[in-house]
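One structure is given below, encoded as structure tokens.
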There are 2 protein chains.
Amino acid sequence: MWDHDDSLAWTVLAAAPGLDADRIAGAIALLGSPAAVARGPATAWERAGMPAITCEFLRSAAAVPGRAVRRWLADEHHHVLPYCDPRFPQLLRALPQCPVALYVSGHLNALADPQLAIVGSRNPTAQGRETAFDFAEYFAERGLGITSGLAEGIDGSAHRGALRGQGITIAVLGTGIDLIYPASNAALHREICHTGALISEFPLGTPPRRGNFPQRNRLIAGLTLGTLVVEAAPRSGSLITARLANALGREVFAIPGSIHNPLSRGCHELIKDGGKLVDSGDDILRELNFSAFFSNEIPAKSGPISAPPRVPGMDKEHKILLDALGFDPMDLDTLIVRTGFKPEAVSSMVLILELEGHVQAAPGGRYSRVANRRAGGER
Amino acid sequence: MWDHDDSLAWTVLAAAPGLDADRIAGAIALLGSPAAVARGPATAWERAGMPAITCEFLRSAAAVPGRAVRRWLADEHHHVLPYCDPRFPQLLRALPQCPVALYVSGHLNALADPQLAIVGSRNPTAQGRETAFDFAEYFAERGLGITSGLAEGIDGSAHRGALRGQGITIAVLGTGIDLIYPASNAALHREICHTGALISEFPLGTPPRRGNFPQRNRLIAGLTLGTLVVEAAPRSGSLITARLANALGREVFAIPGSIHNPLSRGCHELIKDGGKLVDSGDDILRELNFSAFFSNEIPAKSGPISAPPRVPGMDKEHKILLDALGFDPMDLDTLIVRTGFKPEAVSSMVLILELEGHVQAAPGGRYSRVANRRAGGER
């Protein structure tokens, strides 16, 4: 059957109510494998302290992987990526209530690259579309990946700009990963799958439901170093993504516009609330201390999926921060005091150094240096 | 001759190098009158401790008021207003290096009204002009006067909008008050003189000199509760006005625009540096705690020069602040601690309460309540 197929087991565990990463980790430690946890028997679930609602689900027909998911998994570009896989996005794993597993179509290594979210209205102005495209292209060329929601409008333009810049782009879906929604984005869907990745945390076949989009937006905010809103009406989904980013301690950026453009109102609202006004791509690279890739020259590309070659060495501020950080875990407040840098700068530098493998996260929001890195972390 | 004409004496003292308000106050206390100070004799100047450079000027032909200034003063709408006159703008008198005297054409009581500066490019877009006009009209209708520099472009539109709103507008000139510059603004010049006021701190006949405009900009910033920049190129004079306003502790506001409009760049720069993004007039009224006049209904006008009738009573925050303030002078830091309000809010509330006569400034940047006010300050 499917006893030894971890991917199938993870689709079951991800769909089970009442489970989170911590509880699953405990159950796996006790029962030996995700498949063993998903399979049972009921006495094992009880031993692992599973809630009744979880046991009920795992006992039901809904917990038997159907033909659709087996067929989907047969494609080599399709993956179920559990939270405990080293390729699971680090920024996402740091979240409270991190998803148990992600469905991924495309290239798993795309998830390792630093990402900026670009989101906005489904019905933008022509200017808004162009801005999203141009900014995405600019960042992608410099090695900063673009994450968006594959919606019409700003989302689609952002993905297309990143593809034009031959960079990484990640589409986060509010539906099952096997559905293409909206249908108008079918070609874009294929292209992203070919060179980047599509992600969903919903079971296969999940239709577009209004209630799923806030959860999709949380994933966009959680996967990225910051969220850039290009054009958005007040009280729109894009603003929710931005506010989630803010709540997660990520940067919020907004493009200003004419006070007579109703779709600039949302962006202006964000700026009034402390989001950073952005009128050039460099504003964002500077704010993120995006040193490792940041260079005035566009680096040569080595292929559509691999990131451009790293600029050798790292910038001065990153070195200062790394020098201030020891091999014993240290909290960010201490690091802020030691370096004298602004809290936002320290947060984003640590995130980048973590993505680059120079720094690792420790429990309690602390960080330590990583020893013996190939990338020269031991200067 | 002119011994007993204080206005003429003030024109001489205002032009004399090496004098400031403090030194003049001392000399008047010693010698009896501004005319006595201006006239001398030299032994009296020495007794009053005047610097050599001042004595040299006062002794020269340049210190004898000519026919031009006598003729100018003969007009009943023309005034020389010394810093010690109770009608001298209070916000200006609080500045370090406050002007010794202002030349005023028009209505002296216009200077008593709370003002917002609206400034910007001499070559704005059509949209920029319209925005300046509309905002100025909106504020003027609500009793907030508009101060600007009578330049072409945004300045002119701001003055015209205030006139359309039947409110107060003040033009601050970088030339002698008897010159009309640019000539294209002659009609506007007349209209402002008729319903508001023109101000200059330069001697009659001073031509437009590049070097005088920063000083003019300082006067604009110093006269007002805040400065709104509508469209401005980076490194333009409008940004200098805004930065002066910031340095004086006044509010800085900027209108955002398309990232493709070069004249929005200056505004975006200000917002990045902490200036407040404004996309509606209410943003500013709220930020200034412009309670005394602020009302959703446009108050009835009683005439072109007099302010709209005050909304009875004052808002809650003003009452809290006034209650926290005693009749003994208190510094703003104490007031901030006592009220728990933000420093910017306390500053602007104190300014407004001062303009309304509920609060008076004391030496050392302190403030106290005013007793027995007709306006009900003693609730």
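The values are calculated or read from the model by the stated rules, or taken from the named source; none is laboratory data. In this text, all values refer to a predicted model and were calculated from it rather than measured experimentally. Neighbour counts run over all protein chains shown; Cβ positions are idealised from the backbone, glycine included. The area values use the complete protein model at the heavy-atom level, side chains included, leaving out ligands, DNA and RNA. Shrake-Rupley method; radii C 1.70, N 1.55, O 1.52, S 1.80 Å.
Quick notes
- Checked against (1) touching a helix residue (DSSP H, G or I) at 6+ places or on another chain (Cβ under 6 Å); (2) modelled with pLDDT under 90; (3) assigned to a helix (DSSP H, G or I), residue B:27 meets all criteria but (2).
- Among the residues of segment B:159-187, just one is in contact with a Lys or Arg (Cβ under 9 Å, 6 or more places away or on another chain), hydroxyl-bearing (Ser, Thr, Tyr) and assigned to a loop (DSSP other than H, G, I, E, B), namely B:175.
- Against the test of being of a type outside the set (Asp, Glu), free of Cβ contacts under 8 Å to residues at least 60 places away in the same chain and either more than 8 Å from chain B (Cβ to nearest Cβ) or within 23 Å of residue A:94 (Cβ to Cβ) (or both), the options A:270, A:263, A:248 yield a single qualifying residue, A:270.
Per-residue answers, yes or no, for (1) over 27 Å from residue B:109 (Cα atoms); (2) open to solvent by 50 Å² or more (accessible area, probe 1.4 Å); (3) within 26 Å of the chain's Cα centre (by Cα):
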site	(1), (2), (3)
B:6	no, yes, yes
B:36	yes, no, no
B:56	yes, yes, no
B:69	no, no, yes
B:91	no, no, yes
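- Within segment A:278-290, not a single residue is at pLDDT below 95, away from chain B (no Cβ under 14 Å) and open to solvent by 50 Å² or more (accessible area, probe 1.4 Å).
- For segment A:106-130, taking the residues that are in a loop (DSSP other than H, G, I, E, B) and not basic (Lys, Arg), the one that is farthest from residue A:171 (Cα to Cα) is identified as A:125.
- In segment A:132-150, the residues that are part of a helix (DSSP H, G or I) and either of a type in the set (Lys, Arg) or under 16 Å from residue A:285 (Cα atoms) (or both): A:132, A:134, A:135, A:136, A:137, A:138, A:139, A:140, A:141
- So residue A:243, is it of a type in the set (D, E, K, R) and more than 14 Å from every other protein chain (Cβ to nearest Cβ): yes
- Residue that is modelled with the lowest pLDDT [pool: residues in segment B:305-333 that are farther than 27 Å from residue B:253 by Cα, open to solvent by 40 Å² or more (accessible area, probe 1.4 Å) and not aromatic (Phe, Trp, Tyr)]: B:312
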